[in-house]
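K.L.:
Dropping the structure in here first, questions after.
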Amino acid sequence: MDKPQWRPDAIDYPSIAGAPDEYLKLLFDFFANQVDDSLQNELISELMSGYSGVSRLLEEKNRMLNDYNERLEELVRDKVREISAAQMATIHSLVKSAEARDDNTGAHIERTAMYCMLIAEKLYERGKYEDVVDDFFPGNIAKASPLHDIGKIGIRDSILLKPGNLTRDEFEVMKTHVRIGYETLASVAKLYPGNEFIRMGVEIAMYHQEKWDGSGYLSGLAGEAIPLSARIMAIADVYDALRSKRTYKEAYSHDKSSEIIIKGRGTHFDPDLVDVFIENRRLFADIFDGLSQSADE
Ligand SMILES: [Fe+2]
């Protein structure tokens, strides 16, 4: 018996195919596509699961990196704070040593820093001089104001500590303390041009003896041409000097001192700043009393 032969032409194919070979090809293609799809799906699902694993890993790595960065930033911030505090303490001790020559209580610079910060905070609350008084202004002026009389280092004892009034020539020498302070601090400011505290210290040292009407020294500036920080310092410095005993005067009461400050509104002092003083004068008295007591204890 003959071996049966594969005879596709003998099969009764459905009439949908035009030719037997084409029909088989369609069937093979159909199965091949099915196989491809299932393989493809399996592959995609494996890839997806792999991807989600990698993605989880990446998320975890990112989280760890963020935590690390935050810890690093915190560490840097702590270090900057520490260095800054150490620098401020050094500056403070140098200023205190200089101030000790003509300040019996030793608390003048602390009190003036407090008055300056008080005025600056009140200006900030009122939105007054908002082009200058930003969030940092009160803190900066508190740190910079102790530098106001740094130039007195260059004034000899016979003038600085002279009991009674100075002669005209002696007063001319005394006036140079603002220039000495300016030159000392300006050389530092040149090295650190971005440092607001030093920049403000330069302004205050140079212009705190100016008067609103232009009759002060050393530059004879008037009105808003005098930097705001120096205008604030002027009130703080004068109020504290009035309240304190000096070689040439007794200590005045709060009322008498306030009266003198108010009388200087628009002549010696910026009228807006005197208004702030008037509204908060009890706080000035509190600062004086509080810090005088702590200095005496
Ligand atoms: Fe001064």
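The values are calculated or read from the model by the stated rules, or taken from the named source; none is laboratory data. Note that the structure is predicted; figures quoted are calculated from it, not measured. In this analysis, Cβ positions are derived from the backbone assuming ideal geometry, glycine residues included, and neighbour counts consider all displayed protein chains.
K.L.:
Of the numbered conditions (1) more than 13 Å from the ligand (Cβ to nearest atom); (2) crowded, with 21+ Cβ neighbours inside 10 Å; (3) not charged (D, E, K, R), PRO193 fails exactly one; give the number of that condition.
P.N.:
(2)
K.L.:
Take the conditions outside the structural domain of ALA186 (by TED's automatic domain parsing), more than 14 Å from the ligand (Cβ to nearest atom) and at pLDDT below 90 and apply them to LEU161. Does it pass?
P.N.:
Values: outside the structural domain of ALA186 (by TED's automatic domain parsing): no; more than 14 Å from the ligand (Cβ to nearest atom): yes; at pLDDT below 90: yes.
For LEU161, the condition - outside the structural domain of ALA186 (by TED's automatic domain parsing), more than 14 Å from the ligand (Cβ to nearest atom) and at pLDDT below 90 - is not met.
Table: residues versus (1) of a type in the set (Asp, Glu); (2) more than 30 Å from SER84 (Cβ to Cβ); (3) free of Cβ contacts under 8 Å to residues at least 12 places away in the same chain; (4) in contact with an Asp or Glu (Cβ under 8 Å, 6 or more places away or on another chain).
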residue: SER187; (1), (2), (3), (4): no, no, yes, no
residue: ASN195; (1), (2), (3), (4): no, no, yes, no
residue: SER219; (1), (2), (3), (4): no, yes, no, yes
residue: LYS263; (1), (2), (3), (4): no, yes, yes, no
residue: HIS268; (1), (2), (3), (4): no, yes, no, yes
residue: VAL274; (1), (2), (3), (4): no, yes, no, no
residue: ASP286; (1), (2), (3), (4): yes, no, yes, no
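K.L.:
If the Cβ limit is 8 Å and pairs must be 6+ apart or interchain, which residue in region 167-182 that is free of Cβ contacts under 8 Å to residues at least 24 places away in the same chain and within 11 Å of the ligand (Cβ to nearest atom) pairs with which residue that is assigned to a loop (DSSP other than H, G, I, E, B) and of a type in the set (A, V, I, L, M)?
P.N.:
MET174/ILE155; MET174/LEU166
K.L.:
So MET233 passes all but one of these: (1) within 13 Å of the ligand (Cβ to nearest atom); (2) within 19 Å of ALA98 (Cβ to Cβ); (3) without any contact (Cβ under 8 Å) to a residue 40 or more places away in the chain. Which condition number does it fail?
P.N.:
Just one mismatch for MET233, condition (3).
K.L.:
If you take just the helices (runs of 4 or more DSSP H) that sit entirely in region 216-297, which of them hold at least 1 residues that are in the same structural domain as GLU130 (by TED's automatic domain parsing) and loosely packed, with under 13 Cβ neighbours inside 10 Å?
P.N.:
Filter on region 216-297 gives 254-263, 271-279, 281-296.
K.L.:
Among the candidates GLU74, GLU82, GLU130, single out the residue that is outside the structural domain of LYS162 (by TED's automatic domain parsing), surrounded by fewer than 18 Cβ atoms within 10 Å (Cβ to Cβ) and at pLDDT 90 or above.
P.N.:
Numbers: GLU82 fails: at pLDDT 90 or above; GLU130 fails: outside the structural domain of LYS162 (by TED's automatic domain parsing).
The conditions single out GLU74.
K.L.:
It is to be established whether one or more residues within region 83-95 are within 13 Å of the ligand (Cβ to nearest atom) and on the phi < 0 side of the Ramachandran plot.
P.N.:
Going through region 83-95, the residues within 13 Å of the ligand (Cβ to nearest atom) turn out to be 95.
This time we only want the ones that are on the phi < 0 side of the Ramachandran plot, so: 95.
Yes, there is a match, as at least one residue in region 83-95 is within 13 Å of the ligand (Cβ to nearest atom) and on the phi < 0 side of the Ramachandran plot.
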